[in-house]
1. So which residues in the stretch 126-143 are in contact (Cβ under 8 Å) with a residue 24 or more places away in the chain, more than 20 Å from residue 33 (Cβ to Cβ) and touching a strand residue (DSSP E or B) at 6+ places or on another chain (Cβ under 7 Å)?
2. If residue 100 satisfies all but one of (1) at pLDDT below 85; (2) surrounded by fewer than 17 Cβ atoms within 10 Å (Cβ to Cβ); (3) closer than 22 Å to residue 53 by Cα, what's the number of the condition it fails?
3. Tell me which residues, restricted to the stretch 183-208, are at pLDDT 90 or above and touching a strand residue (DSSP E or B) at 6+ places or on another chain (Cβ under 8 Å).
4. Could you list, in sequence order, all residues of the stretch 128-160 that are surrounded by 12 or more Cβ atoms within 10 Å (Cβ to Cβ), over 20 Å from the mean Cα position of the chain (by Cα) and part of a loop (DSSP other than H, G, I, E, B)?
5. May I ask you to say which residue of 93, 72 is touching a helix residue (DSSP H, G or I) at 6+ places or on another chain (Cβ under 7 Å) and touching a residue at least 12 places away in the same chain (Cβ under 8 Å)?
6. Is one or more of the residues making up the stretch 118-125 more than 18 Å from residue 81 (Cα to Cα), in a loop (DSSP other than H, G, I, E, B) and in contact with a strand residue (DSSP E or B) (Cβ under 8 Å, 6 or more places away or on another chain)?
7. Looking only at the stretch 68-91, decide whether some residue is under 18 Å from residue 203 (Cβ atoms) and in a loop (DSSP other than H, G, I, E, B).
8. For the stretch 105-127, what are the residues that are farther than 17 Å from residue 70 by Cβ and either surrounded by fewer than 16 Cβ atoms within 10 Å (Cβ to Cβ) or in contact with a helix residue (DSSP H, G or I) (Cβ under 6 Å, 6 or more places away or on another chain) (or both)?
């Protein structure tokens with residue numbers, strides 16, 4: 001997962017690095033940064049979840065090496081599910097809020113005819129009941145890399161509490177449905193290049 005902070009505008013969000021320096025009456029955008037990232041869930045057991053925070057603490061990459069499903073599976077289940085809940089601790093100075101602007105999900109899927117895959121992402125801030133939910137479906141036959149791109153409208157975005165640091169939660173889940181072809185072969189979200197599932201995030205900010 002790669003995330004960068006950007007300011008909303010009438011065109012495209014501008015990188016935080018290009019923002020002017022704060023005055024005494026304005027919040028300092030350079031004080032928005034990532035403090036810590038954790039992951040828990042069946043899709044990211046110990047040793048299969050890693051991350052790197054950039055030197056400027058304004059971007060990060062998370063790797064999910066076991067966030068994947070296969071059919072047939074040893075348990076004989078025709079419908080399978082797995083997920084990983086990643087929590088990102090953000091330092092947000094007074095006078096600012098942050099939210100998700102765009103999301104890209106990248107991976108690989110091989111699905112025999114009749115088998116369906118569904119990837120769902122939920123985003124929310126701790127203590128804020130309203131969040132965002134996005135999902136994409138693939139139907140077999142399918143054998144290719146995929147790159148799902150979603151943009152969240154500015155007016156419907158879920159924002160962090162005003163003027164306070166926040167915990168940003170990202171719940172990424174996969175479902176594989178082989179009811180229509182229980183003996184078919186399927187592999188969902190094992191990236192064909194480096195063996196891990198990747199999600200790219202861009203965050204936006206607003207004054208409050």
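1. Listed by number, the residues that qualify are 131, 132, 134, 136, 138, 139, 140, 141, 142, 143.
2. (2)
3. Once the filter is applied, which keeps residues that are at pLDDT 90 or above and touching a strand residue (DSSP E or B) at 6+ places or on another chain (Cβ under 8 Å), the stretch 183-208 yields 184, 185, 186, 187, 188.
4. Once the filter is applied, which keeps residues that are surrounded by 12 or more Cβ atoms within 10 Å (Cβ to Cβ), over 20 Å from the mean Cα position of the chain (by Cα) and part of a loop (DSSP other than H, G, I, E, B), the stretch 128-160 yields only 140.
5. Result: 93 is the single residue among 93, 72 that is touching a helix residue (DSSP H, G or I) at 6+ places or on another chain (Cβ under 7 Å) and touching a residue at least 12 places away in the same chain (Cβ under 8 Å).
6. The answer is no, given that none of the residues of the stretch 118-125 is more than 18 Å from residue 81 (Cα to Cα), in a loop (DSSP other than H, G, I, E, B) and in contact with a strand residue (DSSP E or B) (Cβ under 8 Å, 6 or more places away or on another chain).
7. no
8. Scanning the stretch 105-127 gives 126, 127.
The values are calculated or read from the model by the stated rules, or taken from the named source; none is laboratory data. Computed from a prediction, not measured in an experiment: that's the story for all the values here. Positions of Cβ are backbone-derived with ideal geometry, glycine not excepted, and every protein chain shown enters the neighbour counts.
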